Amino acid sequence: MTSFLLRRFVRDYENTDDPAVRERYGTLSGTVGIGLNLVLSLGKFLTGLATGAVSVTADALNNLTDAASSVVTLVGFRLAGQKADEDHPYGHGRMEYLTGLAVSMVILLVGVEVAKESVDKILHPQPVEFSILSAVILAVSVLVKLWMFLFNRALSRRIQSAALAATSADSKSDALATSILLAGLLAGRFWDLQLDGFLGLGVALFILRTGWESAKDTIDPLLGQAPDPALVEGIRETVLAHPEITGVHDLMVHDYGPGHVMASLHAEVSIDADMAHTHDVIDNVERELGEKYHIIATIHMDPIATNDEHINALREEMLSLARELDPDMTLHDFRMTEGPSHTNLIFDVVVPRSCSLSDEEVRRELARLARERDPRYMTVVQVDHSYTK
């Protein structure tokens, strides 16, 4: 069914890196969500009135807010698909994250309201009327929500969308919550158990958990989360596949929303190489990264001595010392100046975020370890921090 809807309503649906195609995915998800949630809300509201079950009425309200969330998703994808302008030169891709956050806030609000109604029902219980029609409506609702969960999950995975992932998670929690309500309705019918208020509270907890998890998934990229390790490794491998480039450091990935990702890095090249040729290689690598990973890449050349065996040996010696402090430390921009009484070893060391040492402690420990190797060694260290995992 999902493939049929994509072929029917999303033109060029396989080109998921195109912002216009992403917008059409969001439009399809939002339209389906609005229609189905309005139908489910109406059915459950009538069921709640007929049975007197506050939990079912609360679930109807939940579906109504889901329809509103679908409207937010629809608008959000439209806004995210806008082209870059003078005020937003990096595009509007982060609107998709804001949309997901708005959906999460609605989910949390519904959870709080359902919890309040349920606690009141626990304190003031009332009998719930059972009917075959009510049970059928709830069962159908479970099946519809399960399909919506699978549908939105498939869409979110195709375009890597946090907003659609939040919508998918909401549908899954709705299916589980409605299943619990159906079980409670049957328990009241066959065993005369008054579980309505407790079941409603359970539904509220499921809703609140879903809202919190969805909010976290959208807040992280807005705050600036670490890039995908697979992307980082892919960038490194692509760059180092060119023999003119001997090392990579200071890699940073800037996420301005799906389809609007930029990366910058430093590439180490031989100081003896022809700079015009090397510059041409760097330009080609930038284009290759853009085609392969759909990112805008900027590469800075770092000329280093690669044919001096003495400098190479000292560089490896300092790297081994740095990795005594932390096995994930790396160094770059290594230079050396020798004098009659001491040798200056000048380099940058990249410290992983997991390292507990302060910048000053790193400098002090490297200086100590270097002097233990040779009292003439004087280290001049610039401490950098890794922006990738």
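Which value in deg cm²/dmol, rounded to the nearest 500, describes the helix-derived mean residue ellipticity at 222 nm for the chain, given -39,500 (n - 2.57) per DSSP H run of n ≥ 4 and division by the residue count?
About -22000 deg cm²/dmol.
Let me check I have the definition right: for the chain, take the eigenvalues of the Cα gyration tensor, multiply each by 5, take square roots. What are those semi-axes in whole Å, largest first?
Ellipsoid semi-axes (Å, largest first): 58, 26, 14.
Rounded to the nearest Å, what's the spacing between the alpha carbon centres of the range 297-318 and the range 206-263? Just the number, please.
The distance from the Cα centre of the range 297-318 to that of the range 206-263 comes to 27 Å.
Run the reach check for K145 against aspartates and glutamates, Cα to Cα strictly under 20 Å, same-chain hits fewer than 8 apart removed. What comes back?
List returned: D59, D66, D170, D174, E213.
Tell me, rounded to the nearest percent, the portion of alpha carbon pairs in the range 229-385 spaced more than 26 Å apart.
35
Please report the spacing between the Cα centers of the range 130-204 and the range 2-81 in Å, no decimals.
15
Would you list which aspartates and glutamates come within 17 Å of K292, measuring only between C-alpha atoms, while excluding same-chain residues fewer than 8 positions from it?
Candidates past the 8-residue exclusion: E14, D17, D18, D228, E233, E237, D255, D283.
Do me a favour and compute the ellipsoid semi-axes for the range 2-223 from its Cα gyration tensor, root of five times each eigenvalue, largest one first, whole Å.
Its equivalent ellipsoid spans semi-axes of 36, 18, 12 Å.
Which of H342, H260 has the fewest other C-beta atoms within 10 Å, and how do the rest follow up to the most?
H342, H260
Only the coordinates and a few stated rules stand behind these numbers; no lab work does. As the structure is a prediction and not an experimental result, all values here were calculated from the model. Every residue, glycine among them, receives a Cβ derived from its backbone with ideal geometry; neighbour counts consider all protein chains shown.
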